[in-house]
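Working notes for the structure below.
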Amino acid sequence: MSIATEITRLQNAKASIKSSIESKGVTVPSATKLDGYSTLIDSIQTGITPTGTISITTNGIVDVTNYASADVNVSGGGQQIGIQTPNANPLAMLYALEHGTAKTGEFTLATTLPNTAKTIFDAQDTSVKNFVIMAEGEEGINTGTTTPAVYLIFMIWLQSSTLRQISIMPISCRNDNISGYLSIKNNADISIASSSTSLLYAYWDWVDGVLQVKAQYNKHMQYTPFKANTTYRWVAW
Amino acid sequence: MVMRYYKQVADGYILSIGVGGSGTEITETEYNEIKSVIHNKPQGTDTYDYQLKENLTWEMYGIEPVVPDADAEELLNILTGESND
């Protein structure tokens, strides 16, 4: 092996070492000779000693590499209750109302809902997944002494694209004035059976912030979830 | 906060009025006028009811029987208060 070949090999080795040092973040001046490389290698940072505390106040992925500890204090957004996701429980509605992100409105039907699907309200926000509908009424009708009350007609929230949970909670109702109960036929249907003489039955669809309801109204039974000449208020979040 | 009043019209009849983003925007004056008419809706019966025309007059219509899209067992459950889950 010739001397020239050996020199070339050493030059290539030096160039390779220079490249490796620079890949570790240390600049190698062009005039550096081989015996100066050890100093540069010693200057390569070999590790981080974490110090201080990082304060984390929002959800998400946070780089905590350089910190010895993290102070996590994420408030708001609701807490998981039972099997509900944070956005799919009534407390999230209160949170959305308080923070101005909830959509609200009201509607009054002029007549009984037809037997074709009609838009009941459009929240005009495809991100909303849940809603409640409320109506003002009276309690104590059967006792002769009535007082104003607000009734939560029904509440729908989506836990996923395929599962819809429905709840009906007549608020401020006496036991003798419960309006009925609600049962789920399948993902897209609801039926409300009243304890009084009327029978309510309807199909609903809740997609992209738009509630559509198709009544079934005929001379034998009244199939409609909403009365004409009654103002209902809704909240969607 | 500016309130947006609307009316929802289908086939020449006013289905509903409201506050929010639906339907055709109307003035508060028109909203209150329609609401006043709705408050004076004539009472229907089991065989006929009234629907509100765009000119704010009521038109009587007959209620035709409709066969619900459910089987007999489901209807029986509704009548008897059983769940259809």
Item checked: Filtered residues of segment A:8-36 (kept if of a type in the set (Val, Ile, Thr) and either within 20 Å of A:Thr46 (Cα to Cα) or in contact (Cβ under 8 Å) with a residue 40 or more places away in the chain (or both)) -> A:Ile17, A:Ile21, A:Val26, A:Thr27, A:Val28
Item checked: Filter result for the condition that a residue is part of a strand (DSSP E or B), at pLDDT 90 or above and surrounded by fewer than 20 Cβ atoms within 10 Å (Cβ to Cβ), over B:Val37, B:Val9 -> B:Val9
Checklist line | Single unsatisfied condition, B:Gly18 versus (1) over 19 Å from B:Tyr61 (Cα atoms); (2) more than 13 Å from the chain's Cα centre (by Cα) | finding: (2)
Check: When you go through (1) surrounded by 10 or more Cβ atoms within 10 Å (Cβ to Cβ); (2) outside any helix (DSSP H, G or I); (3) at pLDDT 75 or above; (4) of a type outside the set (D, E, K, R) one by one for B:Asn84, which number turns out not to apply?
Finding: (3)
Checklist line | Enumeration of residues in segment A:50-64 that are assigned to a loop (DSSP other than H, G, I, E, B) and modelled with pLDDT of 80 or more | finding: A:Pro50, A:Thr51, A:Gly52, A:Ile61, A:Val62, A:Asp63, A:Val64
Notebook entry, point to check: If you go through segment A:105-128 one residue at a time, how many are more than 7 Å from chain B (Cβ to nearest Cβ) and either assigned to a helix (DSSP H, G or I) or surrounded by fewer than 17 Cβ atoms within 10 Å (Cβ to Cβ) (or both)?
Noted result: 5
Check: When residues of segment A:91-101 are filtered for being crowded, with 21+ Cβ neighbours inside 10 Å and within 14 Å of another protein chain (Cβ to nearest Cβ), how many remain?
Finding: 0
Margin query: If a residue must be under 22 Å from A:Ala102 (Cα atoms) and crowded, with 16+ Cβ neighbours inside 10 Å, how many such residues does segment B:17-34 contain?
Written below: 7
Check: How many residues, within segment B:12-34, are among the polar types (S, T, N, Q), more than 7 Å from chain A (Cβ to nearest Cβ) and assigned to a strand (DSSP E or B)?
Finding: 1
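The values are calculated or read from the model by the stated rules, or taken from the named source; none is laboratory data. No experiment lies behind these values; they were computed from the predicted model shown. Cβ: placed from backbone, ideal geometry, glycine included. Neighbour counts: every protein chain shown.
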